[in-house]
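*Asks:* Mind looking over this structure? Questions follow.
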Amino acid sequence: MNAEAQAPAHFDQAWRPDSWQQKKALQQATYPDTEALQRAVDELSSLPPLVTSWEVNALKKQLAEAQAGKRFLLQGGDCAERFSECRADTISNRLKVLLQMSLVLVHGLKMPVIRLGRFAGQYAKPRSSDIEARDGVELPSYRGDLINGSEFTEKARIPDPQRLIEGYSRAALTLNFVRGLIEGGFADLHHPEYWDLSWVEHSPLAEEYQAMVKSIGDSLRFMETLAGRRISDFQRVDFFTSHEALHLHYEQAQTRQVPHQWGWFNLSTHLPWIGMRTAQLDGAHVEYCRGIRNPIGLKIGPGYDPDWLSRVIEVLNPDDEAGKLVLIHRLGAGQVEAQLPDMIRAVQRTGRRVLWISDPMHGNTETSSNGYKTRRFDKIRSELEESFDVHEALGSRLGGVHLELTGENVTECTGGARALADVDLSRAYKTGVDPRLNYEQALEMAMLIVRKRGAETV
Ligand code: PEP
Ligand code: CO
């Protein structure tokens, strides 16, 4: 029996993909027809997986390297994917901006980057209220395309189990296209011009970006001249997927055992994460996530309890497996210095391995003067910079970033090199839930990370 086939000491043989049903599950939809839900779950359970256990293990290995300070994690994509946005241009533009950001990071940080999309399954959303009221009319809240429709009508807001199958199918279509692009040479470092978005010609950042692309091209040609051949390693990159493991019937249905491996894998995504609102120690989401072999993300917000944190780490990673846990803090600019040091110390006291990353988006959401849900670029930037500093000061390391972004030219966050103001928001405000960095703001953020880290490592 090889080592991978053997369960480690703490593996709970009694755990099952549906054992979460014995616990309290927050943020779940209430389906009017539970038999229809069961039929959808059964169908989903019979469909082939979207990812493989080899890929999941490969990601875990890369995350272990990131924990050891040898890689940087770039996790990014939509707040809420929409079924209607499962289109060639939306998918390839998002891939382009992530590739461009990773190029900036690899070049500037001088280390490999793990590319982790928030896509191919990011269809379910936690909501602060079960009810949405408009002009005196109250309806169930929109919970993401996996559950109900966003239109403000009674019919659209009824949870529909067929959406689980639709979500799986759209995730498969997305992933199929991403894999085709990557395998077909789209991510070839010899041709970064494939990823150029239209802005590159007229952006305030264009010159800096093009100079970097040129320097990478020159280095590549130099190495190939030395080697006397084309280096094929540069023709493709790894791309992984992630989404919030919120809708537990969806996750359960795609949780599988595979030959020659012990335990269970969630094969709907490489890295599921637990959202801030559903991370209770005795809750259903922690129960579900503790049983799968995927690496797990855990969001940690303001007011978290240090005791909860050390216990949840123990529950999710009892064997202290390398590459298993990604802790994603999302505190808000100005909150980092007050809250992050104790968080880091609480984890240091456990002596456990984790990868720390910062989500500088979710603690910085506000309403603009003209009523849009927005985020200011400068606050996002401050939270990130403060986080790098606090980790450094405590002998810890911030090893990645988690961003909500899109490859489209939207106007949802203010600020950035183009100094978008509140009045600009109405021009192209398209998000279903949270405001995203547009392609230009996202790339600028990557450049600022390099500037920050560059300064620290001199
Ligand atoms: C999200 O990532 O979209 C989200 C809802 O985050 P959090 O759980 O951190 O609030
Ligand atoms: Co969000």
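The values are calculated or read from the model by the stated rules, or taken from the named source; none is laboratory data. No experiment lies behind these values; they were computed from the predicted model shown. Neighbour counts are summed over all protein chains in view; Cβ atoms, including those assigned to glycine, are modelled from backbone coordinates with ideal geometry. Heads up: the accessible areas ignore ligands, DNA and RNA and are worked out on the full protein's heavy atoms, side chains in. Shrake-Rupley method; radii C 1.70, N 1.55, O 1.52, S 1.80 Å.
*Asks:* Provide the per-residue ³J(HN,Hα) series for region 132-140, in order, calculated from phi with Karplus coefficients 6.51, -1.76, 1.60 and θ = phi - 60°, each as a whole number of Hz, with x at glycine and proline positions.
*Replies:* Using θ = phi - 60°, the values come out as 10, 10, 9, 6, x, 9, 10, 9, x Hz.
*Asks:* Set Lys and Arg Cβ to +1 and Asp and Glu Cβ to -1, take the dipole of region 304-392 about its Cα centre, and tell me which of Tyr372, His362, Ser382 lies farthest positive.
*Replies:* Toward the positive end, the furthest listed residue is Tyr372.
*Asks:* By its C-alpha gyration tensor, with a ≥ b ≥ c as the square roots of the eigenvalues, how is region 223-350 shaped: rounded for a/c under 1.5, else prolate for a/b larger than b/c, else oblate?
*Replies:* Verdict is oblate for region 223-350.
*Asks:* On a 28 Å Cα-Cα criterion, which of the cross-link pairs Lys60/Lys373; Lys155/Lys379; Lys70/Lys96 come out too long?
*Replies:* Pairs exceeding the cut-off: Lys60/Lys373; Lys155/Lys379.
*Asks:* Once Rh for region 99-143 is found with the Kirkwood sum over Cα pairs, what is the Stokes-Einstein diffusion coefficient at 25 °C and 0.890 mPa s, in µm²/s?
*Replies:* Rounded, D is 173 µm²/s.
*Asks:* Once neighbouring chains are kept in place and the probe is 1.4 Å, which whole percent of the accessible area of the chain is contributed by carbon and sulfur?
*Replies:* For the chain, the apolar C and S fraction of the accessible surface comes to 49 percent.
*Asks:* Is the shape of region 48-118 best called rounded, prolate or oblate, per the rule: a/c under 1.5 gives rounded, else a/b larger than b/c gives prolate, else oblate, with a ≥ b ≥ c the square roots of the Cα gyration tensor eigenvalues?
*Replies:* Oblate.
*Asks:* Report the accessible area of Ser53, computed with a 1.4 Å probe over the heavy atoms of all protein chains in place, in Å² rounded to the nearest 10.
*Replies:* For Ser53, the solvent-accessible surface is approximately 10 Å².
*Asks:* Under Stokes-Einstein, with the Kirkwood radius over Cα pairs standing in for Rh, what whole-number D in µm²/s applies to the chain at 25 °C and 0.890 mPa s?
*Replies:* 108 µm²/s
*Asks:* Here's something else I'd like to know. Can you give the charge dipole size of region 237-295 about its Cα centre, rounded to the nearest 20 debye, using +1 on the beta carbon of Lys and Arg and -1 on the beta carbon of Asp and Glu?
*Replies:* It comes to approximately 100 debye.
*Asks:* Return the equivalent ellipsoid semi-axes of region 128-256 as a descending list in whole Å, where each equals the square root of 5 times an eigenvalue of the C-alpha gyration tensor.
*Replies:* 45, 21, 11
*Asks:* Could you tell me what percent of the DSSP beta bridges with both partners in the chain are antiparallel, to the nearest 5?
*Replies:* The answer is about 20 percent antiparallel.
*Asks:* Using a 7 Å offset from Cα along Cα-Cβ at His10, what residues in region 336-379 end up with backbone N under 13 Å from the label point?
*Replies:* Correct set: 350-354.
*Asks:* Here is a further query. Using the alpha carbon gyration tensor of region 373-458, what are the three equivalent-ellipsoid semi-axes (square root of 5 times each eigenvalue), largest first, in whole Å?
*Replies:* That gives 27, 12, 11 Å for the three semi-axes.
*Asks:* At a 1.4 Å probe radius, which order do Glu151, Glu132 fall into by accessible area, largest first?
*Replies:* I get Glu151, Glu132, largest accessible area first.
*Asks:* What dipole magnitude, in Debye to the nearest 20, does the chain give about its Cα centre under +1 on Lys/Arg Cβ and -1 on Asp/Glu Cβ?
*Replies:* The calculated dipole for the chain is roughly 760 debye.
*Asks:* So, for region 215-265, what is the accessible surface per residue at a probe of 1.4 Å, expressed in square angstrom?
*Replies:* Normalised by residue count, the accessible surface of region 215-265 is 48 Å².
*Asks:* List the residues whose amide H sits under 5 Å from the amide H of Val410, counting only those 5 or more places along or on another chain, with H placed 1.01 Å from N in the peptide plane.
*Replies:* Tyr439
*Asks:* Here is a further query. Which of the chymotrypsin sites (Phe, Trp or Tyr not before Pro) across region 385-453 are loop residues per DSSP, with 16 or fewer other Cβ within 10 Å?
*Replies:* For chymotrypsin sites (Phe, Trp or Tyr not before Pro) across region 385-453 that sit outside H, G, I, E and B with at most 16 neighbouring Cβ atoms in 10 Å, the list reads Tyr429.
*Asks:* While we're here: Find, among the chymotrypsin sites (Phe, Trp or Tyr not before Pro) in region 234-282, those assigned to loop by DSSP (not H, G, I, E, B) with at most 12 other beta-carbon atoms within 10 angstrom.
*Replies:* Passing sites in region 234-282 do not exist.
*Asks:* Which of rounded, prolate, oblate describes region 343-382, given a ≥ b ≥ c as roots of the alpha-carbon gyration tensor eigenvalues and a/c under 1.5 marking rounded, otherwise prolate only if a/b is larger than b/c?
*Replies:* Prolate, since a/c reaches 1.5 and a/b exceeds b/c.
*Asks:* Moving on. Keeping all protein chains in place and using 1.4 angstrom, which order do Glu207, Glu224 fall into by accessible surface area, from largest down?
*Replies:* Solvent-accessible surface, decreasing: Glu207, Glu224.
*Asks:* As an exercise, identify the trypsin sites (Lys or Arg not before Pro) in region 142-250 lying in DSSP coil whose Cβ has no more than 14 other Cβ atoms within 10 Å.
*Replies:* Within region 142-250, the qualifying trypsin sites (Lys or Arg not before Pro) (loop, at most 14 other Cβ atoms within 10 Å) are Lys155, Arg229, Arg230.
*Asks:* Here's another thing I want to ask about it. For Ile300, Ile216, what's the largest-to-smallest order of accessible area, 1.4 Å probe?
*Replies:* Ile216, Ile300
*Asks:* Residue by residue, what Karplus-based ³J(HN,Hα) values in Hz, rounded to whole numbers, does region 356-372 have, using 6.51, -1.76 and 1.60 with θ = phi - 60° and x for Gly and Pro?
*Replies:* Each residue of region 356-372 in turn: 8, 9, 10, 9, x, 8, 6, x, 10, 8, 8, 9, 6, 4, 9, x, 8 Hz.
*Asks:* Eigenvalues of the Cα gyration tensor times 5, then square-rooted: what semi-axes does that give for region 39-180, in whole angstrom, largest first?
*Replies:* Whole-Å semi-axes of the equivalent ellipsoid: 33, 19, 14.
*Asks:* So what is Rg over Rh here for region 272-426, counting just Cα atoms and using Kirkwood for Rh?
*Replies:* On the Cα set of region 272-426, Rg over Rh gives 1.01.
*Asks:* Relative to the present Cα-Cα distance, how much length would full extension add between Arg345 and Val423 at 0.36 nm per residue of separation?
*Replies:* Here the answer is 23.8 nm.
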